[in-house]
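Engineer: Can you keep this structure in mind? I'll have questions shortly.
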Amino acid sequence: MKRRIYRAMLTLALGSVVLFALLSLLAAYFTFAGDYKERLDSELSYVAAALNQVEDQRAYLDALGGKTRITWVSQDGTVRFDSQSRANLMGSHLDRPEIQQALASGLGHSERWSATLGETTFYSAVRLEDGSVLRLALTRTSLFSILMGMLGLLALFFLAISSLAVWAAGRVTRAIVRPVNNLDLHHPLDNNVYEELSPLLTQLEHKNQQIARQMEELTQRQTQFAAITGHMAEGLVVLNKSLDVLSINKSAARLFHVEGQPPAGGHILSLCRDMALIRALETARESGHSGREVMAYEGRYYQLVASPVRSGGQLNGMVLLILDVTDGMLSEQSRREFSANVSHELKTPLTAILGYAEIMASGMAPEADMRGFAQRIHDEAARLIRLIEDIIRLSRLDEGAPGAREATVDMGELAAKVVRRLEDQAAKAGIDLQAEGEPLKVRGEPAMLEEMVYNLADNAVKYGRPGGWARIHTGAGTLAVSDNGIGIAPEDQARVFERFYRVDKSHSKAVGGTGLGLSIVKHAAALLGAKISLKSDLGQGTRIEINFPPSRLA
């Protein structure tokens, strides 16, 4: 805009100067032409008056000289005298218009243009008393000749005026544009500027108000979106068609270790390069349908759902939903392992029972061995019953929290009761089993609490060493069972609470364990809201603590 105004003003200024100069020169030219005629008529009257009075007319005419051409013509057109040419060589002037007019009316005028010389000659003629005609001629230079003669001076003047015009145009342009450049676009109606801009400023004020309302609505929607997505447990990432991150909620940011919002334009693969993520995005982009993959990332499992966003058949972006399915995956894995383990554990005693029964039924066994076979069948059946009972207990614990049979139980008394139940087993194993500590009253289902204590103490006896000891300690909101038995290796400590997991399978089979005791303890503690901690050194012993929450303490 500034350049256009500047060029327009400069062109107007220079054009005005040139036009003014030409018109002034033309006016001066025609003004001088009138002066030429008046001067010529005045000189003609003086010369004619003198010529009528002097006796030697030719001598008078020779003495005049000057720039004005003097011609004296007889009535018949013969040239008597010419100040610039020899009269006897000049032809008749009777055909000259000014001569004819003078002979007819006493005074004649004419002007003739010479294309060859580029000049105009003015003629004035008067009839003398003797009937002859006196003519004066004055030549005037053409306008083009005048211009050519003044060309250098005109160029100098034009350069000076052009410089002044350039400076003035720039200054005026800046003065015109300055109010426009200094407009307060945030408050258009507060501007005191050209009246012609009032409609534009009014419209701009309306647009500003509309934009402000839209921005406020957009901010509210963005705040609502951030509040909703920020409290989602699932990760949510919004991508453009180039897979650059447009938005990421807190859950996804924590997953990918992003502090705050990622920089605009950051590609999703700059956050995570897992192949499952890449496959989900490629599937969504190429097929136009949601791409689904399970990603194992940093020890957990995530369900990825990449949904394309299309408009008019074109891919405009993508929404990536990330769901933590670790619990479900582990539960499914645990279910499969549990089914396999249950099948195996049930099959083992049943196979033994079936084998002994077949031997007895076939009559192949001697009579003396029949009692031993019967005893083995009895032991395997008892083992099978214990296994089934443990499975039933676990199933009940999986069903939910204890019911209405909860009561306040003194864990110290319960520990003493368990010691009495296991004293024969402990004596056989050569283990010194004792209960100690202070009274500890816990609110819960008595049978479940007794099962917890019994399983912990039973494990301490089973995995103890002859001549060793085992202690059940209560007090300060904690139940602890410790021993100086074989201990648990560090690599096994994280898995001992899994179902059917045994540290020493051969030893477990020898002592008749089902592999479900600690799993039952873990589930019971979870229902009570208690925390379990294990500390063990291989070959030195084990200590398992259960810390009850204050809400369970009486």
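Just so you know, all these numbers are worked out from the coordinates, no wet-lab data involved. This one's a predicted model, so the numbers in the text were calculated from it and none came from an experiment. Heads up, the Cβs are rebuilt from the backbone with ideal geometry, glycines too, and the neighbour counts pull from every protein chain shown.
Engineer: Counting only the backbone N, which residues of segment 65-93 are under 19 Å from the spot 7 Å out from the Cα of A59 toward its beta-carbon?
Structural biologist: Correct set: 65, 81-83.
Engineer: Note down the nm distance, to one decimal, between modelled labels 7 Å out along Cα→Cβ at T121 and at Q220.
Structural biologist: Each label point is offset 7 Å from its Cα along the Cβ direction, giving 9.8 nm.
Engineer: Fully extended, how many nm does the chain gain between R80 and K531 (0.36 nm per residue separation, minus their Cα-Cα distance)?
Structural biologist: Contour length minus Cα-Cα distance gives 147.3 nm.
Engineer: Same structure again: Amide H of R80 versus every other amide H placed in the peptide plane: which residues, excluding those fewer than 5 positions away on the same chain, fall under 5 Å?
Structural biologist: W72, V73, S74
Engineer: Now a separate question. Once you order the gyration tensor axes a ≥ b ≥ c over the Cα atoms, which shape class does segment 173-283 get: rounded for a/c under 1.5, otherwise prolate or oblate by comparing a/b with b/c?
Structural biologist: Judged from the Cα gyration tensor, segment 173-283 comes out prolate (a/c at least 1.5, a/b above b/c).
Engineer: Let's test the formula: R0 of 41 Å, r as the Cβ-Cβ distance of Q425 and D492. What FRET efficiency results, to the nearest 0.05?
Structural biologist: Given R0 = 41 Å and the Cβ-Cβ separation, E is 0.95.
Engineer: Mind scanning K441/K522; K428/K535; K462/K522; K250/K535 and naming the pairs with a C-alpha gap bigger than 29 Å?
Structural biologist: Among K441/K522; K428/K535; K462/K522; K250/K535, the Cα-Cα distance tops 29 Å for K250/K535.
Engineer: Taking the Cα-to-Cβ direction at S247 and at L354 and moving 7 Å from each Cα, how far apart do the two end points lie in nm?
Structural biologist: Label-label distance for S247 and L354, simple model: 6.2 nm.
Engineer: I'd like the distance separating the alpha-carbon centroids of segment 254-320 and segment 351-365, in whole Å.
Structural biologist: After rounding, the separation between the Cα centres reads 62 Å.
Engineer: Can you work out the Karplus-derived ³J(HN,Hα) for every residue in segment 443-448? Use 6.51 cos²θ - 1.76 cosθ + 1.60 with θ = phi - 60°, whole Hz, and x for glycine or proline.
Structural biologist: Karplus values, whole Hz, x for Gly and Pro: 8, x, 6, x, 4, 5.
Engineer: Distance in nm between label sites at L156 and T202, each 7 Å beyond Cα in the beta-carbon direction?
Structural biologist: 5.7
Engineer: Considering amide H positions built from the backbone, and no H for Pro or chain starts, which residues 5 or more places from K441, or on another chain, come under 5 Å of its amide H?
Structural biologist: Close amide H contacts, sequence-distant or interchain: M411, A554.
Engineer: In terms of modelled amide H atoms, which long-range or inter-chain residues lie less than 5 Å from the amide H of L183?
Structural biologist: none
Engineer: Stretched out fully, how many nm does the piece from V18 to K67 gain, at 0.36 nm a residue minus the Cα gap?
Structural biologist: 14.3 nm
Engineer: Only four residue types carry charge here, +1 at the Cβ of Lys and Arg and -1 at the Cβ of Asp and Glu. Report the dipole size of segment 187-309 about the Cα centre in Debye, rounded to the nearest 20.
Structural biologist: 620
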